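So the structure is just underneath, and the comments pick up after that.
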Amino acid sequence: MLTFFGKGPNGKGGQHVGSSAETLAILQQVRGYWEALRVAGGLPSRAQIDPRGMADCLDKVFLIEQIAPGLARFRLAGMALNDLLGMDARGMPLSSLFEPVARARIGQDLERMFASAAIMEVGLEAERSVGRPALSGRMLLLPLAVVAGAPKLALGCLVTEGVLGRQPRRFAISGLVRELVAGSGLRVVPDAAFVEPALPRSSGRAELRLVSSRL
């Protein structure tokens, strides 16, 4: 039984220093894998997830489960998540990645994501201080199919740009985009605070519509 996601081929863990192009490539790889598992517009199941399908970025991939309205915890986590938290991420709440003032916001957005089976992409900005240099990130959350009697799950990926520093890092939310699976009938509502574009949609799949919650 898999209990964690490994470091991946580069072995760098959370010390990744990347460019926006590298970040997008990693997020696109994870989303592309998720999209490839969809059948007839449905959501992939947990049983379909094979870490080998994301081998090049496995250290940045995680699985969360809903434990209460607005609350989710890491069920599996790559080593990059451990480096950010300064501890084993498994069993920790997703909110532990965020600054206290951002936790209520991410809780509300998690509730919306699980309730509507929405895709979420979150822009992140870490606090700075001595030993905590500039660090930003992008988090992608992809819902999985609901199984009766089991908690709701989502596959995730978090990529950072900058230097981790000597201390654990926590993030503020710099922007957020939600995508609802086809049939919602919602219009595109851009979030002005989220300056980077949402991930491109994969061709040949059900149409997705964008909606952003307000900051």
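The values are calculated or read from the model by the stated rules, or taken from the named source; none is laboratory data. In this text, all values refer to a predicted model and were calculated from it rather than measured experimentally. So basically every Cβ, Gly included, is an ideal-geometry build from the backbone, and we count neighbours across all protein chains shown. The area values use the complete protein model at the heavy-atom level, side chains included, leaving out ligands, DNA and RNA. Shrake-Rupley method; radii C 1.70, N 1.55, O 1.52, S 1.80 Å.
Could you work out the relative contact order of the range 28-170, using alpha carbon pairs under 8 angstrom and six or more residues apart, expressed as a whole percent?
About 25 percent, as a whole number.
Give, in nm to one decimal, the length gained when the segment between A21 and A134 is fully stretched (0.36 nm per residue of separation minus the Cα-Cα distance).
Roughly 38.9 nm would be gained on extension.
I need the peptides 142-148, 156-162, 83-89, 45-51 ranked by packing, meaning the mean over residues of other C-beta atoms within 10 angstrom, with the highest value on top.
Ranking, from highest mean packing down: 156-162, 83-89, 142-148, 45-51.
If the chain between A55 and A115 were fully stretched, how many nm would it gain, using 0.36 nm times the residue separation less the Cα-Cα distance?
Length difference between fully extended and current span is 18.6 nm.
What do you get for GluC sites (Glu not before Pro) in the range 115-156 restricted to DSSP loop and a cutoff of at most 14 other Cβ within 10 Å of the site's Cβ?
Here the GluC sites (Glu not before Pro) that fit, given the DSSP loop and packing criteria, are E127.
So how do M79, M139 rank on accessible area, 1.4 Å probe, biggest first, that is with the largest at the start?
Order by accessible area, largest first: M79, M139.
Which of the chymotrypsin sites (Phe, Trp or Tyr not before Pro) across the range 38-117 are loop residues per DSSP, with 13 or fewer other Cβ within 10 Å?
Answer by residue number: there is no such site.
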